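Reviewing the structure listed below.
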Amino acid sequence: MITPTQIAEAFSGHRFKETYDHLAPDVRWILVGGETIHGRDRVIDTCEQTVAELAGTTTEFLRFVTIADKQAVAVDTVGRYRSPDEETSIVASCDIYEFQQGAVATITSYTVELTAPNADTSDA
């Protein structure tokens with residue numbers, strides 16, 4: 001059986017399909033500073049759009065820290081994204097997962113780009 005920590009780490013690591021069966025039907029994904037996505041189907045659609053947008057992009061996690069208790073998991077990441085045309089960006093994010101009866105009820109995501117595209121990231 002997959003644990004809440006494993007679910008959170010899979011979602012934050014863009015391995016979304018591993019998490020779909022663990023989303024509550026009325027899950028809410030709050031994109032701080034942006035929209036709130038309601039419902040499992042809409043969350044899955046958004047994840048699939050993200051996967052399509054990242055097609056061909058390589059992702060290297062420079063930081064991946066998880067803190068968990070019985071009802072919540074926080075995953076703090078810094079990822080370097082390199083597109084097929086070699087554009088690079090570094091993005092920091094923190095996702096907070098709240099669970100109810102073993103299912104993801106709420107995801108709150110804070111995201112910020114740390115460098116401009118094509119910036120030198122050799123020292124990151």
Exposure-ranked with fewest Cβ neighbours within 10 Å first, Val112, Val104 stand as Val112, Val104
Exactly which GluC sites (Glu not before Pro) in the stretch 3-89 are in a DSSP loop and have at most 13 other Cβ atoms within 10 Å?
-> Glu35, Glu86, Glu87
Sparse-neighbour loop sites [trypsin sites (Lys or Arg not before Pro); the stretch 51-94; at most 15 other C-beta within 10 Å; DSSP] | Lys70
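None of the figures in this text is laboratory data; all of them are computed from the coordinates on show. Quick caveat: nothing in here was measured; it's all calculated off a predicted structure. Every residue, glycine among them, receives a Cβ derived from its backbone with ideal geometry; neighbour counts consider all protein chains shown.
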